[in-house]
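Peer 1: Pasting in a structure now, in structure tokens, and then I'll have a few things to ask.
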Amino acid sequence: MKKVVLVGGATGREHAIAKQFHDEGYELSAILWADNEFVKKLCTGKYLKINLDDVDKVFHAILEIKPDYVVIGQGEVIQRGLCDMLNNEKIPCIGPTKKLAQLEGSKTFCRDLLEEIDNTLNPKHRDFYECSNELEKYINSFETKIVVKCDGVITGPRVRIYEIDEKKEALENANNWIKDYGHIIVEEFINGHEVAIMSYTDGKNLIHTPVFKNHKRIGEGNVGENTSGMGTITGSECFPYISKVAEEKMHKITEKVMQTINKKCGQKYLGSLYGEFLVSEDEVKVIEYNCRFGNPSSMNILSIMKISFPQLCEHILNGTINELENIFDDKIVSLSAYVVPKEYTLNKKYVGTEVDFSNINEELFYCGNMDYKDGKYYLKNSRAFAICATASNIEEARNIVYKELEKVKGNIYYRGDIGNGE
């Protein structure tokens, strides 16, 4: 029996991955930054709650377990060098090294890499390291919406979008981030369809998922604060506006990104390259790349895979991704929606209140970040859990998900428009 350690957050992504390792008969251990009772039940090895900021503690916990390999779901621990530490101990790890993970960890690194490949992939942008008249002048020069990004990974949203008449607010946010973190990027806003593709690589070969859309904004109609994702939809019928030409361009961009970053860093990238793109007809620009398995999108992708996630991991580690063909069924529609406290991102009024999901179909349920006490679950200031369902069409998938969510009791909120147009 192979021993695997899953490292990550207390999210539906970890629950989805843990389910598959459990079902395949692996000895699963999990190291999560917060409690997840459902993942805990699936562990036949150790279950540990450790602050993932403490990479040394995570590393030594893994050494004690002596796994055959490690799967990392969370991005920050990758950027802090956990994969490097494991590689030095000859413990295989599905995730990139610290040097390679700059692709997500630094917006500037990503933009500079794309500039080397093809400068048309980037929007107009500039870096700023200090509050200055030049920063104010640059923001005031925009005749489009303004995108302000924090270069490094921070707690909460690291990207904010401002309307043309919100230049004062954009400048204020830019100055605050410079004071707190030292480096920002200001970009032009580009109109287009925002979609994503996850690509899995063994360092040489790539396999691409179908196109999916992660609904990040908190509010109906795609408005309000950005979140890590309120829900995702995938399936070929969901994206009639994405041409085959554009989809192939997204594949080729990611392939070039992998080749370029491997050469630049002198290392092989292993794991997931999660590309987010803006598509307008056949034209494609890059929003960003992430170095982790997506959340909530991983729940959707796993649900349409013809092989198991553990099998995919084995191919990544064995360098045989090129042997995989047609492992995703894009004719199936997969839709997920996350539950959060009412007024999430606005205040913590409903944090700590009980949530009852005992009547929902557990096969469709993916546990996120909740408090658990005396057999009851309580909302935290986070995404509590997700429902993910597959069907032959969008309407059927939406009906399954939202009928399940109607069974939930408590002070909860979820977006009711996921899969309904843009």
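The values are calculated or read from the model by the stated rules, or taken from the named source; none is laboratory data. All values derive from a computational prediction rather than experimental measurement. Virtual Cβ from ideal backbone geometry, glycine too; neighbours counted across all protein chains shown.
Peer 1: Among the residues of segment 292-310, which ones are in a helix (DSSP H, G or I), of a type outside the set (V, I, T) and either free of Cβ contacts under 8 Å to residues at least 12 places away in the same chain or under 21 Å from S392 (Cβ atoms) (or both)?
Peer 2: S297, M299, N300, L302, S303
Peer 1: Do you know which of the residues in segment 44-93 that are touching a Gly at 6+ places or on another chain (Cβ under 7 Å) and assigned to a loop (DSSP other than H, G, I, E, B) is farthest from Y26 (Cα to Cα)?
Peer 2: Q74
Peer 1: Report yes if some residue within segment 116-131 is under 25 Å from the mean Cα position of the chain (by Cα), part of a helix (DSSP H, G or I), modelled with pLDDT under 95 and basic (K, R); otherwise report no.
Peer 2: Within segment 116-131, none of the residues are under 25 Å from the mean Cα position of the chain (by Cα), part of a helix (DSSP H, G or I), modelled with pLDDT under 95 and basic (K, R).
Peer 1: Same structure again: List every residue pair whose Cβ atoms sit under 7 Å apart, with the two residues 6 or more apart in sequence or on different chains, where the first one lies in segment 227-238 and is outside any strand (DSSP E or B) and the second, anywhere, is of a type in the set (S, T, Y).
Peer 2: G235/S334
Peer 1: If you check G219 against the conditions, is it surrounded by fewer than 21 Cβ atoms within 10 Å (Cβ to Cβ), closer than 27 Å to A337 by Cα and assigned by TED's automatic domain parsing to the domain that holds G319?
Peer 2: Yes: the conditions hold for G219.
Peer 1: Just one of L379, L346 is surrounded by fewer than 23 Cβ atoms within 10 Å (Cβ to Cβ) and either more than 30 Å from M305 (Cβ to Cβ) or assigned by TED's automatic domain parsing to the domain that holds K409 (or both); which is it?
Peer 2: Exactly one of L379, L346 is surrounded by fewer than 23 Cβ atoms within 10 Å (Cβ to Cβ) and either more than 30 Å from M305 (Cβ to Cβ) or assigned by TED's automatic domain parsing to the domain that holds K409 (or both), namely L346.
Here's the yes/no breakdown for (1) over 23 Å from K98 (Cβ atoms); (2) surrounded by fewer than 17 Cβ atoms within 10 Å (Cβ to Cβ):
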{"site": "G235", "(1), (2)": "yes, no"}
{"site": "C238", "(1), (2)": "yes, no"}
{"site": "K256", "(1), (2)": "no, yes"}
{"site": "G271", "(1), (2)": "no, no"}
{"site": "V279", "(1), (2)": "yes, no"}
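Peer 1: Something else: Is it true that some residue in segment 312-325 is within 21 Å of I418 (Cβ to Cβ) and not assigned by TED's automatic domain parsing to the domain that holds F21?
Peer 2: Checking segment 312-325: not a single residue is within 21 Å of I418 (Cβ to Cβ) and not assigned by TED's automatic domain parsing to the domain that holds F21.
Peer 1: Shifting gears a bit: Among the listed residues I400, I394, I412, which satisfies the condition of being closer than 20 Å to P341 by Cβ and modelled with pLDDT of 95 or more?
Peer 2: When all the criteria are applied, what remains is I412.
Peer 1: What is the residue count in segment 1-30 for residues that are among the hydrophobic types (A, V, I, L, M, F, W, C) and more than 18 Å from the chain's Cα centre (by Cα)?
Peer 2: 6
Peer 1: Another question about this same structure. Here is a check on your reading of the model: is C388 closer than 26 Å to I94 by Cα and not in a helix (DSSP H, G or I)?
Peer 2: yes
Peer 1: Just one of E323, E248, E283 is among the charged types (D, E, K, R), closer than 23 Å to V70 by Cα and out of contact with any strand residue (DSSP E or B) (no Cβ under 9 Å at 6 or more places or on another chain); which is it?
Peer 2: E323
Peer 1: Do you know which residues across segment 103-133 are in contact (Cβ under 8 Å) with a residue 60 or more places away in the chain and within 14 Å of N262 (Cα to Cα)?
Peer 2: Result: L103, C110, L113, L114, E116, I117.
Peer 1: Right, something else. Can you tell me which condition Q267 does not meet? The list is (1) surrounded by 15 or more Cβ atoms within 10 Å (Cβ to Cβ); (2) under 28 Å from H125 (Cα atoms); (3) polar (S, T, N, Q), and all the others hold.
Peer 2: Here Q267 meets the rest and fails (2).
Peer 1: Name the residue that is farthest from K204 (Cα to Cα), counting only residues in segment 304-324 that are in contact with a helix residue (DSSP H, G or I) (Cβ under 8 Å, 6 or more places away or on another chain) and of a type in the set (A, V, I, L, M).
Peer 2: Looking at the filtered set, the residue picked out is M305.
Peer 1: Of the residues Y69, Y47, which is out of contact with any Ser or Thr (no Cβ under 6 Å at 6 or more places or on another chain), of a type in the set (S, T, Y), at pLDDT 95 or above and under 20 Å from I316 (Cβ atoms)?
Peer 2: Only one candidate qualifies: Y69.
Peer 1: Tell me the residue from I190, I161 that is assigned to a loop (DSSP other than H, G, I, E, B) and surrounded by fewer than 19 Cβ atoms within 10 Å (Cβ to Cβ), please.
Peer 2: I190
Peer 1: Same structure, new question: Counting only residues that are part of a loop (DSSP other than H, G, I, E, B) and among the acidic types (D, E), how many does segment 132-158 have?
Peer 2: Count: 2.
Peer 1: Quick one: how many residues across segment 334-353 are more than 14 Å from D417 (Cα to Cα) and either of a type in the set (V, I, T) or assigned to a strand (DSSP E or B) (or both)?
Peer 2: The number of residues fulfilling the criteria is 6.
Peer 1: May I ask you to list the residues in segment 356-371 that are under 25 Å from the mean Cα position of the chain (by Cα) and not in a loop (DSSP other than H, G, I, E, B)?
Peer 2: Across segment 356-371, the qualifying residues are E362, E363, L364, F365, Y366, C367, M370, D371.
Peer 1: Shifting gears a bit: Looking at L32, L28, L6, L48, can you tell me which residue is in contact with a strand residue (DSSP E or B) (Cβ under 8 Å, 6 or more places away or on another chain), farther than 20 Å from S308 by Cβ and crowded, with 20+ Cβ neighbours inside 10 Å?
Peer 2: So the residue among L32, L28, L6, L48 that is in contact with a strand residue (DSSP E or B) (Cβ under 8 Å, 6 or more places away or on another chain), farther than 20 Å from S308 by Cβ and crowded, with 20+ Cβ neighbours inside 10 Å is L32.
Peer 1: Enumerate the pairs (first residue in segment 399-414 and at positive phi and touching a residue at least 40 places away in the same chain (Cβ under 8 Å); second residue anywhere and part of a loop (DSSP other than H, G, I, E, B) and surrounded by fewer than 18 Cβ atoms within 10 Å (Cβ to Cβ)) with beta-carbon separation below 8 Å, excluding pairs fewer than 6 apart on the same chain, so at least 6 apart or on different chains.
Peer 2: From residues that are at positive phi and touching a residue at least 40 places away in the same chain (Cβ under 8 Å), the pairs are G410/T353.
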